[in-house]
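Working notes, structure below.
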Amino acid sequence: MATIDDAFDIEYRIEYYGLKVHSDWKKNIKRWHYYSDSFNGGNDYRQGQYLVKYVLESNEEYDNRIKNTPLDNHCKSVVETFNSFLFRKPPIRDYGAISNDPALDPFLNDCDLDGRSFDAFMRDCSTYSSVYGHIWVMVDKPNTQVATRAEELQQNIRPYVSIITPENVIDWGYERQPNGVYSLTYLTMLDGMDDKAVYYRTITKTETTVYKKMGQMIDDMQVLDVFANPIGVVPCIPVYAGRSETKGIGVSDISDIADTQRAIYNELSELEQLIRVSNHPSLVKTSNTQASAGAGAVIDLPDDLDPNLKPFLLEPNGSGITQIISSINEKTDSINRMANMGGVRSTTSRTMSGVALQTEFQLLNARLSQKADLLELAEEQIWRMWALWQNSTYDGVIDYPDSFNIHDKENTIALLKQAKETKPANQKLLEHIDIMLAEALIKDEDILDEVRADQQANQQPVSTLEGQSGEMTHPPITSVADLVSHMREMVEQGYTNEQIIELHPEMAQFFNTEGQADA
């Protein structure tokens, strides 16, 4: 039997049950589903039916075309590339007053009571906020009564976090405090839905109420549970990928990329259809002509067949294939520009100049820095909420990386190789080139530190005179030619005889008792 779930999508089902929804939720719900499908790809994208249907195309033909069309998932590639830079190095966390809380280590190892570490949780927050524009993180604690703190620890009763995607937060409200700060006053989220009822809860600063709604009438609503909110604030925090003008709504990183990806998806379908038709031409014949298409086919013509009705093959020339491929490549370049990843994609970086690459890396670095700042702010709010559940105060510091070392490794190595082949006379410059080369080649920080230490240990010791600027170095003299050249430089620099003798006591071995230089 058909149910309400079969007849309506989530928006109309909620309206059917008469639930109050936020105007911005109603405005964005379809777009959020589209972003989610674009990121997930696979069966989710196929079920979304994002291919344009042809005129007079049957449902069966349309379904077959969907099954035969691949998806080049740029949305997932862009989001995962962002995260690979953001979480290359873990953030630095100072927990402050809660550092000695016995519940801290269990929380860091299993923050959602489902085995997920807190680092993995924040990475997921970054992923889903990039997809939707924002997500909500709820910091909650099991509502279990215990007599002592020891019993609480023994039963693993502690705060935990969970991600709530925007589709499930149907209503929310902010109010301005006397000090000018906006605070979240309530939030309504869906718990589930079946063919008989919808289950949801409303969280306020004082309590949480769980409802069951079975129909459109007010009498169809049933209160399942009510429990107090002991911390005095709504324990939900928005995590933004990008700020918008509306509180509780973020800007997705893939908003424009998803549209371009959909255009590529449709062109891939056109390309598949064009190749299929070009390789398998259609045979045009009368109904009385006995024939079949294919290699070695025999055509049996009726004796009285009109010559004008002679069978023929209808075969496109395939000239549009090149144009479609060119269009797809241009759209891929457009995605790279929108995501500031023209320098990250290896096939593109080879065609970009050094200045263009450097500019692209700077734009990507600025974008990543902005995302890191938003994650840093969200995590600080999570820890404040966590401390409230533990009757404590969070006074620590969270520090995400502010700068990301983004460069073209191959181009850097080539430039360093060219610089070293010029054989500069300055030994310090050569040593610095070697260090830069090691930094470009070695990813392991421990091994890189060892290489730097060896480089410093192998440097030839030089002496400088106290009081001098240090610009002129004084390596030990080993030959008469070096002695004459170096002494001339020291005299030009204004060194006195006493200073020269003090810096180079080894000079005495070059002179005989009569004061003449040895040959």
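Residue ranking by accessible heavy-atom surface, 1.4 Å probe, largest first, among LYS20, LYS205 comes out as LYS20, LYS205. The solvent-accessible area of MET507, taken with every protein chain present and a 1.4 Å probe, is close to 20 Å².
Ligands, DNA and RNA excluded, the heavy atoms of GLU267 present near 40 Å² of accessible surface to a 1.4 Å solvent probe.
When a 1.4 Å probe is rolled over the protein heavy atoms, the share of accessible surface on region 2-129 that falls to carbon and sulfur comes to 47 percent. Holding the Cα-Cα limit at 26 Å, pick out from LYS20/LYS53; LYS76/LYS141; LYS30/LYS213; LYS20/LYS371 the pairs that are longer than that. The answer is LYS20/LYS53; LYS76/LYS141; LYS20/LYS371.
For GLU61, the accessible area of its heavy atoms, probed at 1.4 Å with every protein chain present, is near 100 square angstrom.
Summed over the residues of region 28-184 and divided among them, the accessible surface reaches 50 Å² per residue at a probe radius of 1.4 Å. For region 126-210, the relative contact order is 19 percent, taking Cα pairs closer than 8 Å that sit 6 or more residues apart in sequence and dividing their mean separation by the residue count.
Accessible surface ranking for THR204, THR322, 1.4 angstrom probe, highest first: THR322, THR204.
For LYS285, a cut-off of 19 angstrom between C-alpha atoms picks up these lysines, skipping any fewer than 8 places away in its own chain: LYS310.
The values are calculated or read from the model by the stated rules, or taken from the named source; none is laboratory data. Nothing here was measured: the structure is a model prediction, and the numbers come from that model. These accessible areas exclude ligands, DNA and RNA; they are computed on the full protein's heavy atoms, side chains included. Shrake-Rupley method; radii C 1.70, N 1.55, O 1.52, S 1.80 Å.
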